[in-house]
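Rule-based calculations on the coordinates, nothing more; no lab input. All values reported here derive from a predicted model rather than from experimental measurement. No Cβ is skipped: glycine too gets one built from the backbone with ideal geometry, and neighbour counts run over all protein chains shown.
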Amino acid sequence: MSIVGPRRAGKTYYFFQLMKPVKGVSLYLDFEDSSLLTVKFDEVLEIVNLFAEITGREPENIFLDEIQNMDNWETAVRTLLDRTQYNIFVTGSSSKLLSREIATQLRGRSLTYVLLPFSFSEFLNAKKVELKNVFTKIEKAKIKKWLREYLELGGFPEIVLKEEREKILKEYFDTIFFRDFVERHELKSLDIARFIFSFVFQNFSSEISVNKIVNFLKSEGKKFGKNTVYSYIEKLQDTQAVFFVNMISGTVYVKESWPRKVYICDPGISTLFRFSDDTGRLMENAVFLELKRMQNERPILDIYYYRDYQQREVDFVLKEELAVKQLIQVTYAADRTEIGKREVEALLKVSSEFECKNLCIITGDYESELKVKDKTIMCIPLWKWLIRKQRF
């Protein structure tokens, strides 16, 4: 099993939770521990043998935490897997541990899951809020209050459970930037790296273009190659702190080209850059993260967005295999009059184009079913959508 996700999302704690019910002897190795920083891939088996020699028991379960810090980690894991008596559990904050990469490296012998900071349901559980099927008006008001805090400060476990939140978030940002982005990839231009990193976090839930970044850097008099920007942006995704969503199209070239929409692993870090309320963008980012979590249970689920030449946009197009399963718009609407005409028209247009009848508008606080032409659009408040077990 491989657990991949951003730094400080709770991967290590999840490891400890896994250890308790697991039968047999377990060995845990943390590759962020200073004593293991110099360990090479061919020495891991020696550590396992040393453990057996000291304890007199062969480990049945081996937990390797933040394994991306070891060069050629794939070889070490593959060697251990070849010894069939071991159950291997791996965590990392690198996209190279994602299913496509790890399936290639480990010959399809691994299940990969993405672990993100607390979902809203987990956030409420940490706040000891009981989730029920029916809520009183007072309970709904309290949940909406908690949602505002969740959207503002995010779901990093340490942030949810401790004080001095802004200081902790700044430390997270700096650590991800320097350790997971600059140092891991040995980036040469710190100025360009810092600008790209900050730019992405400032423009979450927005469509961004490589050309836009390039033109701005040129206006600042910075000399670099265009390929450098492309390279840095691709490496930025490896931190698992940033996710890019492609525009849906039947053409592979269009799907893989720019512009793309960008989302961040947790809205809390964006507080370091935000100058306004940004509730709409925070809501959209929260929806994306929940869809990202859904991919753990539905691995063939693909997330896209739609935009045409008339700038009609659908925030999320959910596709499984060849079929579009659901279209989602996100808006800070509190009643019917605040739902924009363009949002509805875009849903109807894309619904016809992709033959999808499952249409949803996630709102700030409006719940109803809209009958438009021959289509039904379900409107549901964000707080309710986030805690629902079945979404489509």
*asked:* Using Cα springs under 10 Å in a Gaussian network model of the chain, which residue among PRO259, PRO21, PRO117 shows the largest mean-square fluctuation?
replied: PRO21
*asked:* Could you tell me the center-to-center distance, by alpha carbons, between the stretch 149-203 and the stretch 289-340 in angstrom?
replied: 26 Å
*Add -39500 (n - 2.57) for each DSSP H run of 4 or more in the chain, then divide by its residues: what number comes out at 222 nm, to the nearest 500 deg cm²/dmol?*
-12000 deg cm²/dmol
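Taking 0.36 nm per intervening residue step and subtracting the Cα-Cα distance, what contour gain separates ARG83 from LYS212 on full extension?
41.4 nm
Determine the gain in length on full extension of the stretch GLU171-TYR309; use 0.36 nm per residue of separation and subtract their C-alpha separation, reporting nm with one decimal. If you can, show how the numbers build up before the last one.
On the way: separation 138, 0.36 × 138 = 49.68 nm, distance 4.13 nm.
This chain segment gains 45.6 nm when fully extended.
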*Going by alpha carbons, how many degrees (0 to 90, nearest 10) lie between the helix axis of 165-175 and the longest principal axis of the chain?*
60 degrees
*Nearest-0.05 FRET efficiency for GLU367 and ARG57, computed from C-beta distance (R0 41 Å)*: 0.10
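DSSP loop (so not H, G, I, E, B), at most 16 other Cβ within 10 Å: list which trypsin sites (Lys or Arg not before Pro) in the stretch 187-240 pass both filters.
Values: sites: LYS188, ARG194, LYS212, LYS218, LYS222, LYS223, LYS226, LYS235; in loops: LYS188, LYS222, LYS223.
Listed in order of number, the matching sites are LYS188, LYS222, LYS223.
At 0.36 nm per residue, and after removing the present C-alpha to C-alpha distance, how many nm does the segment from GLU234 to MET19 gain when stretched out fully?
That pair, GLU234 and MET19, stretches by 74.0 nm at full extension.
Can you put LYS127, LYS371 in order of Cβ neighbours within 10 angstrom, beginning with the fewest?
Working: LYS127 15, LYS371 9.
So the residues, fewest neighbours to most, are LYS371, LYS127.
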*Where GluC sites (Glu not before Pro) fall in DSSP loop in the stretch 306-384, at most 13 other Cβ within 10 Å*: GLU321, GLU355, GLU367
*Modelled FRET efficiency - R0 45 Å, THR279 with PHE224, Cβ distances, 0.05 increments*: 0.80
*Cross-link list LYS140/LYS389; LYS128/LYS292; LYS127/LYS170; LYS162/LYS389: which exceed 20 angstrom alpha carbon to alpha carbon?*
LYS128/LYS292; LYS127/LYS170; LYS162/LYS389
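In the stretch 174-242, what GluC sites (Glu not before Pro) fall in a loop by DSSP, with at most 13 other Cβ atoms inside 10 Å?
Working: sites: GLU183, GLU186, GLU207, GLU220, GLU234; in loops: GLU186, GLU220.
Qualifying residues, ordered by number: GLU186, GLU220.
Taking 2.2 N^0.38 Å as the expected size of a compact globular protein, what ratio does the Cα radius of gyration of the chain give against it, to two decimals? It would help to have the intermediate numbers written out before the result.
Details: Rg = 22.5 Å, N = 392, 2.2 N^0.38 = 21.3 Å.
This ratio for the chain stands at 1.06.
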_Karplus-derived HN-Hα couplings along the stretch 296-303 (A = 6.51, B = -1.76, C = 1.60, θ = phi - 60°), whole Hz, x at Gly and Pro_ = 5, 8, 10, x, 8, 6, 10, 10
*Amide H contacts of LYS325 (H built 1.01 Å from N, under 5 Å, at least 5 apart or other chain)*: LEU318, LYS319, GLU320
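For the chain, what's the relative contact order in percent, using C-alpha pairs closer than 8 Å and at least 6 residues apart? Could you put the intermediate results ahead of the total?
On the way: 605 pairs, mean separation 51.8, N = 392.
Here the relative contact order equals 13 percent.
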